[in-house]
Amino acid sequence: VQLQASGGGLVQPGGSLRLSCATSGRIFSGNVIGWYRQAPGKQRELVATITSGGSTVYAGSVKDRFTISRDNAKNTVYLQMNSLKPEDTAVYLCNVVLDNGYVRFLWGQGTLVTVSS
């Protein structure tokens, strides 16, 4: 697996989680990294992206609740998720985002986030 997502779990509505996406320096450096999610029975959707310079873009459904960041020293991208809702329940995955919008690598297993009381 080229990028390893971790940090998922069970959280109550309104709670918070921080996901991590770790990779090698060769992959991390200079690339746009994106967090995606796939809920049961639904298509995979892009949640947020971050460029090598730190510029970010968010899906409307998570804006103002989620924050993407990167630690260049650790070759890791984070997704801080606050005010979680049941509809945020999904497998969260990360990948390198290419200029054409496609991703660079085959998908890993991701990390499951379940928001439920």
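Things to note:
- Of everything in the range 29-56 that is out of contact with any strand residue (DSSP E or B) (no Cβ under 8 Å at 6 or more places or on another chain) and under 19 Å from Tyr102 (Cβ atoms), the residue that is modelled with the lowest pLDDT is Gly30.
- Filtering Ser29, Ser6, Ser20, Ser52 for residues that are out of contact with any helix residue (DSSP H, G or I) (no Cβ under 9 Å at 6 or more places or on another chain), in contact (Cβ under 8 Å) with a residue 12 or more places away in the chain and more than 16 Å from Gly110 (Cβ to Cβ) leaves a single hit, Ser29.
- When Tyr78 is tested against (1) at negative phi; (2) part of a loop (DSSP other than H, G, I, E, B); (3) in contact (Cβ under 8 Å) with a residue 12 or more places away in the chain, just one condition goes unmet, and that condition is (2).
- Residues in the range 11-48 that are out of contact with any Leu (no Cβ under 9 Å at 6 or more places or on another chain) and assigned to a strand (DSSP E or B): Glu45, Leu46.
The values are calculated or read from the model by the stated rules, or taken from the named source; none is laboratory data. Here the structure is a predicted model, which means the values were calculated and not measured. Ideal geometry is used to build each Cβ from the backbone, glycine not excepted, and the neighbour counts take in all protein chains shown.
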